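Participant: What follows is a structure written as structure tokens; I'll ask about it next.
The values are calculated or read from the model by the stated rules, or taken from the named source; none is laboratory data. The shown structure was predicted, so the numbers you read here are calculated from the model rather than taken from an experiment. Heads up, the Cβs are rebuilt from the backbone with ideal geometry, glycines too, and the neighbour counts pull from every protein chain shown.
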Amino acid sequence: MFQTLPQIGQPLSDDHINFLNTLSKSARGAIVQMVANSQSGHPGGSCSVIDYLALLYAFVISQTGEELVVSNGHVSPAVYSILAEMGYIPRQEVIETFRKSGSIYEGHITRHVPGIHFGTGPLGVGVSVAAGFAHAEKIHGKNRRVFGVAGDGECDEGQVYEMIHYANKYKLNNYTLFVDYNEVQLTDSLEKTMPINLKAIFESANWKVIEVDGHDFSAMWAALEMSGQSDSPTVIIGKTIMGKGVSFMEPDGLAHKSTWHGIPPKPEQAEAELAGPLKMSDEENAMLNEFRAMVKWHPKSPKEYEVKSLAPMADVNTGNPVTLPAGTKADCRGAYGNALLDLAKLNENVLATTADLGGSVKTAVMGKEFPERHLEVGIAEQHMVSLVGGLSLSGFIPFTSTFGAFMSSRAKDQARVNDINNTNVKMVSTHCGLSVGEDGPTHQAIDDMGSFLGMFNTHVLEPADANQTDRIIRYIAGHYGNFYVRMGRHKFEVILKEDGTPFYDDSYQFEYGKADHLRTGDAVTVVTAGSMVSIAVGVADKLKNVDLLVMSALKQIDRKALIESVKKTGKLITIEDHNPHSGWASQINKIIAEEGLSVKIKNLAVEEYQLSGTSDELYEIAGIGPKSLEEACLNL
């Protein structure tokens with residue numbers, strides 16, 4: 001047994017290689033036991049990638065704690081087994097509880113497990129998260145490397161292409177991605193399912209490409225040395241065999257059959273293998289125990305870095321709110337850009353990303369002053385949202401912006417994975433609803449709030465005017481969690497009190513989930529949000545008997561204010577620049593039903609796709625303009 005671990009740049013000795021073979025053998029034994037015991041899981045890819053993971057963990061991560069994101073999260077048996085070999089998690093517990101109810105050792109890797117920096121599953125996501133970790137290290141000015149692992153079939157995903165161009169643009173030479181090239185996908189061989197030229201793909205984006213035998217420890221060690229030696233990110237394409245090292249799996253892997261991609265062995269097959277080729281000797285177990293004493297880095301308990309959603313972040317300076325005076329006509333997106341710039345001046349960890357829309361979403365004003373913290377990803381919304389997931393877990397407060405139609409549809413999968421990982425991402429979408437007007441139905445996001453309604457760690461907010469926007473943006477900067485803030489494109493006057501002064505003035509403090517009572521009356525309750533507030537105020541001031549409530553937090557309706565109002569009026573109108581099925585109407589009607597209240601209800605919302613036109617024209621056509629609201633108030 002060797003006495004010291006090798007340093008990158010030093011060749012591996014025979015003792016090092018003998019140890020790595022032993023480590024991989026033990027890990028393969030755990031993989032076989034795990035999937036056989038649970039009778040589910042993905043053993044084939046786990047066995048093909050385990051040699052690289054063994055090398056990386058034993059001789060690099062065990063000493064440095066540098067981040068690794070395994071994007072093909074279904075190879076969780078490989079990850080859990082190597083974490084157990086490092087002594088980070090209990091080996092027998094993993095084997096006995098893998099994929100079982102109540103266990104943290106889920107079917108796809110999860111942040112509940114010590115040593116896992118990001119939980120993955122949907123393919124393509126993790127490579128972008130790793131790029132976020134790598135870029136964070138660059139901005140921090142540190143020399144730490146970041147590692148990623150992906151499957152070869154995973155590289156079919158468009159998000160992978162988005163990531164490789166981004167990593168090239170920002171010269172993330174501290175990012176090393178290993179692609180497990182076993183040439184087998186879920187249903188068949190790579191060649192039959194989707195043949196791709198990985199080397200050409202990465203070379204076209206100016207990555208350093210190193211092709212190696214993914215079961216040759218010396219070759220992979222040399223590849224790790226070569227990675228990071230230029231100003232380009234590195235991909236190591238490791239030629240591997242699905243099911244490598246398991247006698248009854250490896251022949252199918254050599255034939256590029258997908259037999260063992262997601263099929264567990266029968267218990268008798270596993271028992272025979274563990275009693276035969278994978279049987280560990282006392283000498284081998286002693287070698288592993290001796291190695292564990294050399295491990296310097298140990299992961300924190302996941303509980304040490306868990307932060308409760310909506311918890312205040314004391315170290316964030318949210319600055320002083322800006323109040324636009326009465327009569328000012330402004331758009332919410334402009335207020336967002338100005339608030340973001342102020343936050344960036346006050347906090348070095350505030351940054352912004354945009355997908356070729358900096359001028360439209362108004363983050364460009366920050367980019368002019370802080371270009372190093374204004375990251376342009378190109379037209380790559382999926383990569384952008386996963387990227388900021390990684391950045392948010394690296395000490396940054398990332399604001400990420402695009403149009404609502406793109407954030408909520410194209411990047412919903414990525415936002416959902418961020419939600420599962422309890423990240424700290426601030427999604428701010430502009431051009432929402434019919435406010436986008438002439439761009440037509442493809443860009444008129446009237447279903448965007450519904451995309452986030454079922455997420456447990458993402459909060460949906462809709463500001464009423466530029467002044468409230470300023471305060472909401474400062475609020476989400478200072479509170480932990482994922483937020484989706486939607487706003488329109490057009491300009492309208494700031495909301496006023498009955499005395500003609502701004503409602504959202506210097507004395508106003510945003511409180512999550514609290515309704516704003518803009519006008520009082522006893523004839524009808526009107527509940528609204530966003531750009532509809534301006535319309536509702538105009539109608540309320542004309543009719544003089546409307547009880548007007550403005551909501552802003554879709555997932556935390558002010559139940560007390562709502563119930564008090566409808567009990568007084570007996571009539572309820574909701575009006576929104578959104579569809580009624582997954583927006584304000586659905587949430588408010590649910591509360592009325594739960595309370596068993598006898599109330600007349602009218603929901604004014606966008607009931608069908610609209611064509612092009614100005615926002616005011618489309619509001620009237622869709623039945624959510626001033627005339628429609630006034631008629632509803634008078635006739636309900």
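Participant: Just checking: which of the strands (runs of 3 or more DSSP E) contained wholly in the stretch 360-453 hold 2 or more residues that are among the aromatic types (Phe, Trp, Tyr)?
Facilitator: In the stretch 360-453, 397-403 are the strands (runs of 3 or more DSSP E) which contain 2 or more residues that are among the aromatic types (Phe, Trp, Tyr).
Participant: Could you please tell me which pairs satisfy a Cβ distance under 8 Å, a separation of 6+ or placement on different chains, a first residue in the stretch 568-584 that is within 21 Å of residue 598 (Cβ to Cβ) and free of Cβ contacts under 8 Å to residues at least 40 places away in the same chain, and a second residue that is in a loop (DSSP other than H, G, I, E, B) and acidic (Asp, Glu)?
Facilitator: Within 8 Å, the pairs are 580/607.
Participant: Next up: Looking only at the stretch 474-515, which residues are assigned to a loop (DSSP other than H, G, I, E, B) and of a type in the set (A, V, I, L, M)?
Facilitator: 487, 494, 495, 515
Participant: Do you know which residues across the stretch 372-386 are of a type in the set (Asp, Glu) and over 14 Å from residue 167 (Cα atoms)?
Facilitator: Correct list: 372, 381.
Participant: I'd like the full set of residues that are free of Cβ contacts under 8 Å to residues at least 60 places away in the same chain and either on the phi > 0 side of the Ramachandran plot or part of a strand (DSSP E or B) (or both), limited to the stretch 138-162.
Facilitator: Within the stretch 138-162, 141 is the sole residue that qualifies.
Participant: Let me ask another. Test of understanding: among 352, 314, 270, which residue is within 23 Å of residue 469 (Cα to Cα), in contact (Cβ under 8 Å) with a residue 40 or more places away in the chain and either exposed (fewer than 12 other Cβ atoms within 10 Å of the Cβ) or touching a Pro at 6+ places or on another chain (Cβ under 9 Å) (or both)?
Facilitator: Just a single option satisfies the conditions, and that option is 352.
Participant: Related question: Filter the stretch 438-485 for residues that are in contact with an Asp or Glu (Cβ under 8 Å, 6 or more places away or on another chain) and either among the small types (Gly, Ala, Ser) or not assigned by TED's automatic domain parsing to the domain that holds residue 414 (or both) and give the result.
Facilitator: Matches in the stretch 438-485: 464, 466.
Participant: What is the number of the single condition among (1) of a type in the set (A, V, I, L, M, F, W, C); (2) within 23 Å of residue 227 (Cβ to Cβ); (3) in a helix (DSSP H, G or I) that residue 30 does not meet?
Facilitator: Unmet condition: (2).
Participant: Right, another one. For the stretch 536-572, how many residues are crowded, with 24+ Cβ neighbours inside 10 Å and of a type in the set (Val, Ile, Thr)?
Facilitator: 5
Participant: Here's a follow-up. Hey, does the stretch 228-237 have a residue that's modelled with pLDDT under 95 and among the polar types (S, T, N, Q)?
Facilitator: Yes, some residue in the stretch 228-237 is modelled with pLDDT under 95 and among the polar types (S, T, N, Q).
Participant: So, residue 82, is that one in a helix (DSSP H, G or I), at pLDDT 95 or above and touching a Phe, Trp or Tyr at 6+ places or on another chain (Cβ under 7 Å) or not?
Facilitator: Taking the combined requirement at face value, the residue satisfies it.
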